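Asker: Take a look at the following structure, please.
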Amino acid sequence: MHKIPGAYALTKKPVKVMQWGLGAMGSGMADLILKKKGMKLVAAYKKRPEGQGKDLCKVLNLTKKTGIIVGNDPIKEIRKHKPDVVIMAVCSGVKEGFDDIMSVIEEKVNLITIAEEMAYPWAYDEKLAAKLDKAALKNGVTVLGTGINPGFVLDSLVIMLSGACRRVDSIEASRINDLSPFGPTVMKSQGVGTTKKEFDSGIKDGSIVGHIGFPASICMIADAMGIELDEIKESREPIMSKTERKTKYVHVKPGMVAGCKHIGYGIRKGKKVITLIHPQQVLPEKEGIKTGDYIKINGDPNVNVANSPEYPGGIGTMAVTVNCIPFIGNARKGLISMLDMPVLRIAK
């Protein structure tokens, strides 16, 4: 096999990984890492007491012991097991995750987080992003935010598809997905299981936010393509269920909210040059709705790509994050985005 040298050459030794957070996504990533030859899970941390002090197999419902004892202090786990990279799956926001992320940076360990805003944190808080970048550079580590969306479908993939265009006039991309694999935190943020009145109230007080990540994706696309935006606008509407829908984490009755139709617009000179549409709900097939990812680029030439059913949200987030692990050690130091990564591919 021909070896191509370069800044992103894969490491020969398995990458030592610590999993920080063992919720729905964190547990799935830990399980996937255990199956990979090119990486070794050496530690795991869980905030809630259930499972702490026990072998990770108890949390992951595995029959065979892993030899990894779930810790109750993440920094102690880092210092004891000395991972090459920490995978963090505990929150969504830059401000919310700042202290935890900084604590990993100060231990001089690379970090990959699935916090949606961290996919392009400059779109949310430039000052905090600058602090994280400065600290990461000082400590010689790399910090990356990623996931299926933001991180892949409605930004990285869109950007890569534009590579065969001579001109891009506007972009419209939509992701119709099933929220069923996600846990209580995501269900709450989408308003799943609420009444319309509760949904409207949640939108006003900020407890229901819909998709977290449109500013990240829109700004990432705009910066990658050199599009100067004047503003970003968003709209959110409840998706009312006509049928009963049950998942592991939520029970939606007819007349209740099954999800949120969320649209983000990147506007320049009064025109919508970037439109991202994301109607998320649990079990959309219950009402005959087909899931899928659809990307349209208007330009020269036009691009029209469709993938149905959609990249599964849970599996996709786990896969994108884990597939970034082999590259993070050789990536540019500091706070980076998927724009700084090589073309993503499956990790061994």
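Asker: Under 20 Å from Met338 (Cβ atoms) and within 16 Å of the chain's Cα centre (by Cα): which single residue out of Ala222, Ala216 fits that description?
Answerer: Details: Ala222 fails: within 16 Å of the chain's Cα centre (by Cα).
Testing whether each residue is under 20 Å from Met338 (Cβ atoms) and within 16 Å of the chain's Cα centre (by Cα) leaves just Ala216.
Asker: Right, next: Could you list, in sequence order, all residues of the range 54-78 that are open to solvent by less than 60 Å² (accessible area, probe 1.4 Å), more than 23 Å from the chain's Cα centre (by Cα) and not aliphatic (A, V, I, L, M)?
Answerer: Residues satisfying the conditions are Asp55, Cys57, Thr66, Gly71, Asp73, Glu77.
Asker: Which numbered condition in (1) exposed (fewer than 14 other Cβ atoms within 10 Å of the Cβ); (2) in contact (Cβ under 8 Å) with a residue 12 or more places away in the chain; (3) under 24 Å from the mean Cα position of the chain (by Cα) is the only one that Asp99 fails?
Answerer: Going through the list (1) exposed (fewer than 14 other Cβ atoms within 10 Å of the Cβ); (2) in contact (Cβ under 8 Å) with a residue 12 or more places away in the chain; (3) under 24 Å from the mean Cα position of the chain (by Cα), Asp99 breaks only (2).
Asker: Pull up the range 195-207, narrow it to residues that are surrounded by fewer than 21 Cβ atoms within 10 Å (Cβ to Cβ) and touching a residue at least 24 places away in the same chain (Cβ under 8 Å), then point me to the one that is nearest to the chain's Cα centre (by Cα).
Answerer: First, pick out the residues of the range 195-207 that are surrounded by fewer than 21 Cβ atoms within 10 Å (Cβ to Cβ): 195-198, 200-201, 203-207.
Next, from what is left, pick out any that are touching a residue at least 24 places away in the same chain (Cβ under 8 Å): 195-196, 198, 200, 203.
Working: Thr195: 27, Lys196: 27, Glu198: 27, Asp200: 26, Ile203: 22 Å.
That would be Ile203.
Asker: Which residue out of Arg245, Arg268 is modelled with pLDDT of 95 or more, touching a Leu at 6+ places or on another chain (Cβ under 6 Å) and surrounded by fewer than 17 Cβ atoms within 10 Å (Cβ to Cβ)?
Answerer: Values: Arg245 fails: surrounded by fewer than 17 Cβ atoms within 10 Å (Cβ to Cβ).
Every option except Arg268 fails the conditions.
Asker: Would you mention how many residues in the range 292-311 are modelled with pLDDT under 95 and open to solvent by less than 60 Å² (accessible area, probe 1.4 Å)?
Answerer: Residues in the range 292-311 being modelled with pLDDT under 95 and open to solvent by less than 60 Å² (accessible area, probe 1.4 Å): 1 in total.
Asker: Now for a separate question. Within the range 124-145, can one find any residue that is closer than 26 Å to Val305 by Cα and in a loop (DSSP other than H, G, I, E, B)?
Answerer: Let us first name the residues in the range 124-145 that are closer than 26 Å to Val305 by Cα, namely 145.
Now drop any that are not in a loop (DSSP other than H, G, I, E, B), which leaves none.
Looking through the range 124-145, none of the residues is closer than 26 Å to Val305 by Cα and in a loop (DSSP other than H, G, I, E, B).
Asker: While we're looking at this one, here's another question. Mind telling me which of the residues Lys64, Lys37, Lys13 ends up being in contact (Cβ under 8 Å) with a residue 40 or more places away in the chain, among the charged types (D, E, K, R) and part of a loop (DSSP other than H, G, I, E, B)?
Answerer: On the way: Lys64 fails: in contact (Cβ under 8 Å) with a residue 40 or more places away in the chain; Lys13 fails: in contact (Cβ under 8 Å) with a residue 40 or more places away in the chain.
Unique residue meeting the criteria: Lys37.
Asker: Sticking with this structure for a sec: Please name all residue pairs, on different chains or six or more residues apart, with Cβ atoms under 8 Å, provided the first residue is in the range 178-193 and is of a type in the set (Ser, Thr, Tyr) and the second residue is open to solvent by less than 20 Å² (accessible area, probe 1.4 Å).
Answerer: From the range 178-193, the pairs are Ser180/Val282; Ser189/Ile208; Ser189/Gly210.
Asker: Tally the residues that are over 15 Å from Leu335 (Cβ atoms) and within 17 Å of the chain's Cα centre (by Cα), restricting the search to the range 102-117.
Answerer: 2
Asker: Scanning for something among the polar types (S, T, N, Q), under 26 Å from Met225 (Cα atoms) and crowded, with 17+ Cβ neighbours inside 10 Å, does the range 273-284 turn up at least one residue?
Answerer: Within the range 273-284, the subset among the polar types (S, T, N, Q) is 275, 280-281.
If we keep only those that are under 26 Å from Met225 (Cα atoms) as well, we get 275.
If we keep only those that are crowded, with 17+ Cβ neighbours inside 10 Å too, we end up with 275.
Scanning the range 273-284, I find at least one residue that is among the polar types (S, T, N, Q), under 26 Å from Met225 (Cα atoms) and crowded, with 17+ Cβ neighbours inside 10 Å, so the answer is yes.
Asker: What is the residue count in the range 84-95 for residues that are open to solvent by 10 Å² or more (accessible area, probe 1.4 Å) and either more than 16 Å from the chain's Cα centre (by Cα) or modelled with pLDDT of 95 or more (or both)?
Answerer: Total meeting the criteria: 3.
The values are calculated or read from the model by the stated rules, or taken from the named source; none is laboratory data. Keep in mind it's a predicted model, so treat the numbers as computed, not measured. Please note: Cβ atoms are built from the backbone with ideal geometry, for glycine as well, and neighbour counts cover all protein chains shown. Each accessible area value is taken on the protein alone, full model and side chains, heavy atoms only, with ligands, DNA and RNA left out. Shrake-Rupley method; radii C 1.70, N 1.55, O 1.52, S 1.80 Å.
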